[in-house]
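Everything below concerns the one structure shown next.
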Amino acid sequence: MRTTMDSLPTESLRHIAEFIHLEHPRSLCDFSLVNRRCHAAASTWKLRNIRFDVTSRTKLRHDVERCAEILRQSQSLQHVRGLEINGMMPRRLQDELPDQEQDWTLNDDTWYGTDEVFGDSEDAVFVADGPVAILPEEDEAWAPVVEILHLLPRLRHFVFNCTNQFPPCLLAVLHEHQSQCALHLGKFRFRSLGQDTPDAHEMAVATSSSLQSIGVRWVFRDSNGLDDYNEEAVVSLIGGLAPNLKTVRMVHCRAASSAALHRARGAPRKPWSGFGKGFWTNRLPKGSETVPASLESLTLSGYGPITSEYLVKWQKHTPFAALRYLDLQAGVNGEALRWAAVNASFPQLSELRIKIDRDDETEPKPDFASDCVAFFSSLLPLDKLLLSGAIDPEVFDCIVARHGKTLRQLSLSPHESSYSTTRCDRPTVFTRDDVLQLQASCPVLEELAMPIKRYKGGKREVEIYRALGKMKWLTTLFLNLDCSNTSVLLDGDETPNDPSFDSYMQEFWGSGLQRRPRNGHVRDALVNSAVDERLARAIWDTISTARVGRPLKSLKLWAHSGASFGDSSYQTDLMNMIQHLSRAYLVERSVRDDDDSISVQELGKRAREARDEMERQRERDIERRWGDKRTDERPGLALQIFRRIWPARNGSQDWRADWESLPLQI
């Protein structure tokens with residue numbers, strides 16, 4: 001008898017729905033439309049996690065009421081396990097203003113479109129805290145969230161990622177009606193540490209038995225010139241005030257420049273006096289002792305470097321031996337890595353995110369590579385490693401030898417400081433042999449992110465793509481297409497020449513007394529940066545044709561640094577042109593087993609189009625002002641070289657419509 005979806009047992013349908021939810025959540029809605037029984041099985045997972053983005057009181061009320069209605073109609077209230085609140089609740093005065101909400105804002109991530117490539121980034125600039133006290137009218141504004149919390153009987157996780165302080169009404173409903181629910185505060189701040197007595201509600205939140213994870217941004221001194229003690233306060237929490245705390249994320253920020261901060265510069269920082277006399281004894285049952293929190297996840301990110309003294313301070317309050325996840329992306333110098341190799345133990349660690357900092361801006365650090373090797377050799381084999389910074393060849397060899405057999409996810413992002421005394425702007429460049437080394441040493445690797453040097457689509461570049469196809473278990477790949485050529489202005493005493501350059505390409509770019517690239521170098525930068533959908537498909541096809549083992553599921557490409565010749569001074573028209581050419585793409589295989597088709601999506605397209613329109617207007621203004629009287633100081637040089645690669649098409653009014661990527665030399 002032929003088995004159909006109608007004849008499958010209910011339990012089988014539930015397992016299918018769970019598998020779809022884990023592997024491809026977007027297909028869950030399609031599955032739910034097959035029949036009533038599939039719809040019932042999918043409902044367990046389809047509304048498992050809900051999220052609200054707060055921008056106003058009115059919108060929050062509307063969103064919550066609509067969500068509650070959907071949950072009731074689908075009989076899914078009991079299926080919700082996670083609730084997430086993001087954004088900021090404005091003051092009532094701001095809330096009553098005409099709606100000025102925008103779904104696209106101007107900052108570095110959205111301007112360049114990198115938020116779609118890497119996700120949202122942490123803001124590393126801090127100004128000052130808001131008011132300590134939460135006014136009754138602000139507390140009342142959260143009433144819709146209180147109402148929906150009452151409706152969710154099996155909620156397990158409540159994530160609060162708002163910049164507002166966690167309100168009393170939400171803490172009360174958690175303690176009284178959701179005692180089984182873990183609280184996750186993504187943007188918490190102690191605001192009353194400068195007072196003689198800490199704020200009672202603030203401390204109730206920080207010491208709540210529901211609190212499981214906390215994220216805190218901290219500075220040495222804020223923009224009001226006031227010393228900030230949030231780091232010390234969190235260390236005290238770990239020391240025993242928050243018994244169920246499992247995850248801590250500390251982001252070291254810099255204070256925004258201000259007159260008050262300038263006046264306070266140089267003043268000694270007073271030691272923190274703690275939470276106040278008697279606070280500890282008042283919080284503990286009589287005769288009991290404090291028990292440090294057993295952290296499973298610790299993040300120390302933001303500004304660094306992390307020194308051995310800094311690690312010693314954290315080790316006193318945090319049992320490193322219990323950590324399963326460690327993020328040290330603030331940057332760890334060699335001396336701290338050597339200390340950790342000898343004095344720290346991480347027997348439970350399975351995922352490490354770390355930036356290794358050569359820290360050689362004042363003097364060379366000849367032992368840096370050996371310090372790194374000592375640290376990575378001291379760790380038990382990892383499942384996931386995301387490594388950035390000064391990745392020397394010895395460090396790469398150590399990682400694949402020590403951790404390769406167990407690694408399922410690996411991210412490599414080499415970087416060298418522009419102020420380095422030994423490797424100024426010369427990060428490690430991975431070759432075909434390095435990829436083959438990964439293939440031989442990492443037999444279960446499923447996710448890989450790494451930079452690939454562009455060579456105008458030539459043989460060296462194509463060989464790397466083919467080598468990536470040999471990795472049997474690899475399903476997710478992110479390639480940073482590095483279009484830089486820092487050797488042009490950094491190597492030797494004068495700008496190198498290339499025998500393949502004709503007389504025009506051998507001429508120096510632009511004018512001035514400083515060392516300059518040649519026109520041929522600029523041409524190569526334009527060619528390397530020109531990444532379009534056609535090239536994205538060609539790279540996918542090259543990797544897939546060489547595939548051995550599981551098929552590739554997704555490929556992300558990001559072209560960058562085309563205007564980097566080893567100097568920070570560029571002409572505006574070249575920079576704008578390269579920003580237009582440098583695209584990011586996501587290529588995905590169909591989820592159907594019987595379908596090898598792919599979809600290609602440009603990431604950051606909306607941001608690019610907004611930049612392009614702004615530049616068109618600027619060019620029109622310049623054309624009206626100067627006409628054909630262009631000089632080296634006015635836009636036109638980059639366009640001259642551009643036209644030698646891509647002549648104007650018939651009827652074209654804009655160079656942006658005239659280019660396409662050069663084909664791979666397969």
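Only Cα sites of the range 355-429 enter the Debye sum here, all with the same form factor; the resulting log10 I(q)/I(0) across q = 0.13, 0.15 1/Å is -0.38, -0.49, listed in q order. Computed from Cα positions, the angle between helix 519-529 and the longest principal axis of the chain comes to roughly 40 degrees.
Using alpha carbon centroids, what distance separates the range 290-348 and the range 549-598, in Å? With the range 290-348 and the range 549-598 each reduced to a Cα centre, they are spaced 35 Å. For the residue pairs Lys384/Lys472; Lys453/Lys556; Lys59/Lys246; Lys187/Lys270, the C-alpha atoms sit more than 21 angstrom apart in Lys59/Lys246; Lys187/Lys270.
When both the range 386-450 and the range 483-512 are represented by their alpha-carbon centers, they are found 29 Å apart. How do Trp509, Trp626 line up, fewest other C-beta atoms within 10 Å first? In order of increasing Cβ crowding within 10 Å: Trp626, Trp509. When shorter helices are ignored and each DSSP H run of at least 4 residues is given -39500 (n - 2.57), the per-residue value for the chain at 222 nm works out to -10500 deg cm²/dmol.
Between the beta carbons of Ala40 and Ala133, assuming R0 = 41 Å, the FRET efficiency works out to 0.30 to the nearest 0.05.
Note on the range 508-666: semi-axes of the ellipsoid equivalent to its C-alpha gyration tensor, largest first and rounded to whole Å, are 35, 18, 14. With neighbours defined as other Cβ atoms within 10 Å of a residue's Cβ, the residues Val173, Val429 order from fewest to most as Val429, Val173. Give the angle, between 0 and 90 degrees and rounded to the nearest 10, that separates the Cα long axis of helix 393-403 from the longest principal axis of the Cα atoms of the chain. It works out to around 40 degrees. Over all other residues within a Cβ to Cβ distance under 12 Å of Pro271, the charged ones net out to 0, with Lys and Arg as +1 and Asp and Glu as -1. Within the range 117-223, the percentage of alpha carbon pairs spaced more than 18 angstrom apart rounds to 53%. Percent of C-alpha pairs per 10 Å bin in the range 466-593, short distances first: 12, 35, 25, 19, 8, 1, 0. For the range 180-206 versus the range 43-76, the spacing of their alpha-carbon centroids is 27 Å.
If R0 is taken as 22 Å, the Cβ-Cβ distance between Asp397 and Thr475 corresponds to a FRET efficiency of 0.30.
The calculated pair-distance distribution of the chain uses every alpha carbon pair, bins of 10 angstrom beginning at 0, and gives 3, 12, 19, 24, 22, 14, 5, 1, 0 percent.
The long axis of helix 168-177 is offset from the longest Cα principal axis of the chain by roughly 70 degrees. In the chain, the DSSP beta bridges split such that about 15 percent are antiparallel, to the nearest 5.
The fewest-to-most ranking of Cys372, Cys169 by surrounding Cβ atoms within 10 Å reads Cys169, Cys372. Over the C-alpha trace of the range 167-246, radius of gyration and Dmax come out as 13.1, 42 angstrom. Between Trp626 and Ser418, the simple spin-label model (points 7 angstrom out along Cα→Cβ) gives 2.4 nm. Across the chain, Cα pairs under 8 Å and at least six residues apart give a relative contact order of 8 percent. By the compact-protein rule of thumb, 2.2 N^0.38 Å, the alpha-carbon radius of gyration of the range 278-413 corresponds to a ratio of 1.17. Expressed to the nearest 5 percent, the antiparallel share of DSSP beta bridges inside the range 476-657 is 65 percent. Label zone (Phe220, point 7 Å along Cα-to-C-beta; backbone nitrogen cut-off 15 Å) within the range 122-154: 126.
The numbers here are math on the coordinates, done by the rules we state, and not lab data. Bear in mind the structure is a predicted one, so any value in this text is a computation, not a measurement. Here Cβ is always computed from backbone atoms with ideal geometry, including for glycine, and neighbour counts include all displayed protein chains.
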